[in-house]
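Any read-out appearing in this document is the output of simple, stated calculations on the displayed coordinates, not a laboratory observation. Note that the structure is a prediction, hence the values are computed from the model and not measured. Every residue, glycine as well, gets a Cβ built from its backbone with ideal geometry; the counts of neighbours run over all protein chains shown.
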Amino acid sequence: MPPSSDVALPLSTPATQSTATVDSPALGSTLTAAQQAIQRGFSDGFATAKLFAQHGPGMSRLGSRWQYVENSLVAHGPEVIKPGKEGYYREWFDKGLTQGEKMIEQVVAKLNSAG
């Protein structure tokens, strides 16, 4: 399970979101279940990109992305990702992973051009 990171992200969600809220002391506010799933998904995806990049060239791409996401959802359980909000987690995990991978590619390109 990838650790949470301190990545800031927008907390807006579609108008169809649940109005149930959960406390999020780390963010200093109360989040809806959808916002919590979005925040955790993006954070996990971004952290996963960094984790795989640390293992060297060719490891920054997650081979079995969706199996990893499903395993993460099971590990989090319904206490963290409320039932019915898994889609938000999946979508934002993918966005976080993609953003992390792009940032890593940019750093590697800069390092290669400097040498």
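A Förster radius of 22 Å, combined with the Cβ-Cβ distance separating residue 66 from residue 106, puts the computed FRET efficiency at roughly 0.30. For the peptides 72-82, 45-55, 88-98, residues were scored by their other Cβ atoms within 10 Å and the scores averaged per peptide; the highest-first order is 88-98, 45-55, 72-82.
For residue 110, a cut-off of 25 angstrom between C-alpha atoms picks up these lysines, skipping any fewer than 8 places away in its own chain: 50, 95, 102.
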